[in-house]
Amino acid sequence: RIMSPCCWLALVALIPVTLGTNPGVEVRLTQTGLDYGRQLGIAAIQQKLKSIKIPDISGTQHVSPIGKVQYTLSNMQIVKVGLPQSAVGLVPGTGITLSINNAFISLHGNWRVKYLKIIKDSGSFDLNVNGLTISITIAIKSDGTGRPAVSAVSCGASIASVSIKFHGGASWLYNLFTKFIEKALRSALQKQICPLVVDAVSDLNPYLKTLNVEAQVDKYAEIEYSMVSSPTVSKSSIDLSLKGEFYSIGKHQEPPFSPIAFSLPPQVNNMLYMGMSAFTANSAAFVYDKAGALSLYVTDDMIPQSSPLRLNTKTFGAFIPQLTKLFPGLMMKLLVKTVKTPIVTFKPNNVTIQATGTVTAYAIQPNATLSPLFVLNLVCGKDAMMKNYGVPNLILPHLHRMSFTLGTSYVGQFQVGTLDNILQIVLKVVVIPKLNVQLAKGYPLPSIGKMKLVKTQLQVLKVRDVLFTI
């Protein structure tokens, strides 16, 4: 399960660019997901605290019976930082809070003194800070481009105890006013803790800008993941509503249909849940149909050599006798294409694609020109199975409810039903495998940087959505 602190903050932080629209994709980040991100986030804060720089401290203190003692603490460096206890929580309606308890810091430095006007001495010391508590609330907003920006809206730090031990020289002298030194060092440390933690949060912003609010799918399409409403924060999860709409590359044309409201089922056991509505799939169909990508020329060399079916006028002439008279001994080519945008619907554990298209047959003349033979109207339903390869994929195993009617004939009338078996074979051995190659590529999910989704599960739940859990 690989999810960096940037990843879970980014998923929380997708603040809306467009409001008032139903989402095509819903994302739920659960407490389990936040807990995993917390483990990695603490490491970043721990590294930041190791960079604490404490300036030299000098002063004068009256020590009985010696009198006035001039002292300096210098070259103080952090030796160790421990953050053994931490928790990330959800504040309903607000955001995220991160708390660190029983933390400790150890540092080493040098001391020197001058007393009785002429006596000088020096040595080293070790300081241990215990019971350090840090609490920070993180706010997430949009940077205006649909990408997130994070900031710390509040931070508090307190130190339960500080102990110092001096070594070498007249360390006994320092031990006489240890409490005063401990107070000064505690104040110097406490002033730096929150600014460094706030910096650690701000340091996430350049990385958050890698979020794929718009992700290219292929040469035809891209998908947009900007938020359509503010995140909903509850006691157990953060629910995000993403646009989840396919567009043509460089052209954002809205389809003639709108997303229907849907919500994720009340599940919180996994780290992350993603739900895709049929709107997202149908917006993809709209884009590819408008681009003319839902068409395919079928030629004889695409049919297995072992098949007795050949795309030529001899084979088709057995069912349309006039073909062999008008176009004897010629190879043929079929153009299969949609004439309307396919419609995708989700049902429990499967996806159905309703398509309306045409099959146009051509005879290939010796000079390579194409002579139209006939045009068949095609209406079919395809049952698709969802496959899980880390991204959503569709596989079309078979066709059903396929019907042909004669649209136009350039070779006279004939019984279309006699061609059913031939066309079924063509669709099964050529068209469906070609579609599956493209569908198996899937499409990009919301991600940031090198975020990876592992141990994923796919479910088709109902008419409107697909559940993708991590």
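The values are calculated or read from the model by the stated rules, or taken from the named source; none is laboratory data. As the structure is a computational prediction, the values presented were derived from the model and not from experiment. Glycine gets a Cβ as well: all are built from the backbone with ideal geometry, and neighbour counts include every protein chain shown. We work out accessible area using only protein heavy atoms, side chains counted, and drop any ligands, DNA or RNA first. Shrake-Rupley method; radii C 1.70, N 1.55, O 1.52, S 1.80 Å.
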Check your understanding: For residues in segment 337-353 being of a type in the set (A, V, I, L, M) and under 17 Å from Val431 (Cβ atoms), which is least open to solvent (accessible area, probe 1.4 Å)?
Key -> Ile353
Check your understanding: What are the residues in segment 297-310 that are in contact (Cβ under 8 Å) with a residue 40 or more places away in the chain and touching a Lys or Arg at 6+ places or on another chain (Cβ under 9 Å), if any?
Key -> Val298, Met302, Ile303
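Residue-wise test of (1) within 17 Å of Ala149 (Cα to Cα); (2) in a loop (DSSP other than H, G, I, E, B); (3) of a type in the set (A, V, I, L, M, F, W, C); (4) within 17 Å of the chain's Cα centre (by Cα).
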{"residue": "Gln192", "(1), (2), (3), (4)": "no, no, no, no"}
{"residue": "Val198", "(1), (2), (3), (4)": "yes, no, yes, no"}
{"residue": "Glu222", "(1), (2), (3), (4)": "no, no, no, yes"}
{"residue": "Ser229", "(1), (2), (3), (4)": "yes, yes, no, no"}
{"residue": "Ser241", "(1), (2), (3), (4)": "no, no, no, yes"}
{"residue": "Glu254", "(1), (2), (3), (4)": "no, yes, no, no"}
{"residue": "Asn269", "(1), (2), (3), (4)": "no, yes, no, no"}
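For (1) at pLDDT 95 or above; (2) surrounded by fewer than 14 Cβ atoms within 10 Å (Cβ to Cβ), each residue gets a yes or a no:
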residue	(1), (2)
Asn367	yes, yes
Pro372	yes, no
Val375	yes, no
Leu378	no, no
Lys382	no, no
Met385	no, no
Ile395	no, no
Leu399	no, no
Review point. Do any strands (runs of 3 or more DSSP E) lying entirely in segment 20-103 carry at least 3 residues that are aliphatic (A, V, I, L, M), crowded, with 19+ Cβ neighbours inside 10 Å and more than 29 Å from the chain's Cα centre (by Cα), and which ones are they?
Key: 67-82
Practice item. Name every residue in segment 419-470 that is modelled with pLDDT of 80 or more and polar (S, T, N, Q), in order of residue number. Key: Asn421, Gln424
Check your understanding: Applying the selection to segment 203-219, what residues are modelled with pLDDT of 75 or more, assigned to a loop (DSSP other than H, G, I, E, B) and crowded, with 17+ Cβ neighbours inside 10 Å?
Key -> Leu204, Val213, Val217
Review point. Can you tell which of Ser277, Ser237 is hydroxyl-bearing (Ser, Thr, Tyr), under 20 Å from the mean Cα position of the chain (by Cα) and more than 21 Å from Gly93 (Cβ to Cβ)?
Key: Ser277
Check your understanding: Just to be sure, is Ser263 within 20 Å of Gln31 (Cα to Cα) and either in the same structural domain as Ala87 (by the TED database) or not aliphatic (A, V, I, L, M) (or both)?
Key -> yes
Study note, to complete from the structure: Scanning segment 228-241 residue by residue, those out of contact with any helix residue (DSSP H, G or I) (no Cβ under 9 Å at 6 or more places or on another chain) and not small (Gly, Ala, Ser) turn out to be Val228, Thr232, Asp239
**Study point:** Search result, residues across segment 225-250 that are within 25 Å of Ile353 (Cα to Cα) and open to solvent by 20 Å² or more (accessible area, probe 1.4 Å)
**Key:** Lys243, Ser248, Ile249
Point to revise | Candidate set: segment 404-431, residues that are assigned to a loop (DSSP other than H, G, I, E, B) and open to solvent by less than 40 Å² (accessible area, probe 1.4 Å); chosen: the one nearest to Thr313 (Cα to Cα) | key: Val411
**Study point:** Scan of segment 265-282 for residues that are closer than 23 Å to Val351 by Cα and either among the basic types (Lys, Arg) or crowded, with 18+ Cβ neighbours inside 10 Å (or both), ordered by number
**Key:** Leu272, Tyr273, Met274, Gly275, Met276, Ser277, Ala278, Phe279, Thr280, Ala281, Asn282
**Study point:** Test: residue in segment 177-195 that is in contact with an Asp or Glu (Cβ under 7 Å, 6 or more places away or on another chain), small (Gly, Ala, Ser), open to solvent by 40 Å² or more (accessible area, probe 1.4 Å) and over 30 Å from Pro92 (Cβ atoms)
**Key:** no
Practice item. Could you tell me whether any residue of segment 124-142 is exposed (fewer than 14 other Cβ atoms within 10 Å of the Cβ) and at pLDDT below 85? Key: yes
Check your understanding: Here are some conditions: (1) in a helix (DSSP H, G or I); (2) at pLDDT 85 or above; (3) over 22 Å from the mean Cα position of the chain (by Cα). Ile260 meets all but one. Which one does it not meet?
Key -> (1)
